[in-house]
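This report refers to the structure that appears directly beneath it.
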Amino acid sequence: MLNRLTTLWILGLFLTVPAYLSAQVLTAERHTPCFRDSLEVYKMPYTAVGDSGRNCVWDFSNLPMDSAEIVPLYYYVSSPIDTMHIGFHREHAHYYLLSRADTLWQLGYETSRTRMCYSSPLPLLRFPFTYGDTLASTMSGAGQYCHRIPLSVEGKTIVRADACGHLLLPDMSVDSVLRVHSTMQYVERLQGKSQIQEDRYQWYSATCRYPVLDIVQTRAVTDADTVSSRFTYYFPQEQENVRLHEEDPKADAAVSTDSLITNVSFMPNPVHTDLRIQYYLAHDAQVYVSLHYNGGISTYQTSKRKEEAGNHSVSVNMSGMPIGNYVVYIHADDTVASGNILKI
């Protein structure tokens, strides 16, 4: 009798554990960013990340929603020939991702002042990913600061699914949550050398494509002083109603995310030497233009400048650039218009 009970208990455990873990597994089908998604998130002060391990309960039910800043996010195709190259825009910054096979990679990023290209893609997640899984990689990259000062980084990254449990949020709770902790330790060389560590915590749900919570803390390793921190709340109901852009990502016409930038044209297209970019601004804005080639990494960028409302034009000499497909982006404040051109 005892042996039979023991056998039944082991069999029951075997059958129930996968069901319990199934909601805590990140998969490419459910958790890969989509290039047409657009959503709003809530930006608020940094909050402690809580415990790691199994059966955790994280209480974020008292988040200050009334004072939170709403930030728009959108995802777009960053290469006209491959929809697996995904651009991600947030607060004057662009991040370039690659979703291929079973891995989500980061290729680089750029802001109005900084541009970084990783010499080999940086792995962010590998699917499927569940509690206890680890993904480690070396990292190196080169770029520019203020369009002229050389910038380089070198170090390592570790991505761990370090916790699972229950998440308490304002007016709701989320069961079977998986937390992913990513650590980047690197040396940054910018007219000197700094040792930096960035810790990122993301809480994922089976029903949401993007993390429900995203907490980032960056500090200098030498003195342990916090350099920056960021807390982002991806409202689950907002993710359930993700808005999809209807534009064809391979269309030659320019696509604008707002009415601030209109009447955009690229002439000639195809182009051999000089490209003329024309557009209209509905009101004054901080503007810069960038060209992207071979997977979305920027190959050309103008300096950021204040432009008044009205018609504008920019000329770009492409005679020394490689032949192929490019994406042109016109950045105006938090708005971006984009279009595809062919260099022959």
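The values are calculated or read from the model by the stated rules, or taken from the named source; none is laboratory data. Note that this is a predicted model, so its numbers are computed, not measured. Reconstructed Cβ throughout: ideal geometry from the backbone, glycine too, with neighbour counts over all protein chains shown.
For this structure, a couple of remarks:
- Complete set of residues in the stretch 190-222 that are among the polar types (S, T, N, Q) and either on the phi < 0 side of the Ramachandran plot or touching a Ser or Thr at 6+ places or on another chain (Cβ under 7 Å) (or both): Ser194, Gln195, Gln197, Gln202, Ser205, Thr207, Gln217, Thr218, Thr222
- Some residue of the stretch 164-173 being within 15 Å of Met139 (Cβ to Cβ) and out of contact with any Pro (no Cβ under 9 Å at 6 or more places or on another chain): no
- For the stretch 170-181, the tally of residues that are crowded, with 19+ Cβ neighbours inside 10 Å and either outside any strand (DSSP E or B) or modelled with pLDDT of 95 or more (or both) stands at 4.
- Of the listed requirements (1) part of a strand (DSSP E or B); (2) under 24 Å from Val77 (Cβ atoms), Ser140 misses just one: (2).
- Selection within the stretch 260-312 - at positive phi and surrounded by 14 or more Cβ atoms within 10 Å (Cβ to Cβ): Asn294, Gly295, Gly296
- Residue satisfying all of: in the stretch 220-246; loosely packed, with under 15 Cβ neighbours inside 10 Å, touching a strand residue (DSSP E or B) at 6+ places or on another chain (Cβ under 8 Å) and assigned to a loop (DSSP other than H, G, I, E, B); modelled with the highest pLDDT among these: Val221
- Exclusive hit being in contact with a Phe, Trp or Tyr (Cβ under 6 Å, 6 or more places away or on another chain) and not acidic (Asp, Glu), set Val227, Val216, Val221, Val177: Val177
- Qualifying residue in the stretch 129-149 (condition: under 24 Å from His85 (Cα atoms) and of a type in the set (D, E, K, R)): no
- All positions within the stretch 321-344 that are within 14 Å of His92 (Cβ to Cβ) and either of a type outside the set (D, E, K, R) or under 18 Å from the mean Cα position of the chain (by Cα) (or both): Tyr329, Ile330, His331, Ala332, Asp334, Thr335, Val336
- Of the residues making up the stretch 144-165, those that are hydrophobic (A, V, I, L, M, F, W, C) and crowded, with 18+ Cβ neighbours inside 10 Å are Val153, Val159, Ala161, Ala163, Cys164.
- Matching residues, the stretch 144-184, being of a type in the set (Ser, Thr, Tyr) and within 23 Å of Leu124 (Cα to Cα): Ser152, Thr157, Ser176, Ser182, Thr183
- Test: residue in the stretch 198-219 that is modelled with pLDDT under 90, β-branched (Val, Ile, Thr), more than 23 Å from the chain's Cα centre (by Cα) and assigned to a loop (DSSP other than H, G, I, E, B): no
- Residue check, Lys193 more than 23 Å from the chain's Cα centre (by Cα) and among the charged types (D, E, K, R): yes
- Selection from the stretch 28-54 of residues that are among the polar types (S, T, N, Q) and at pLDDT 95 or above: Ser52
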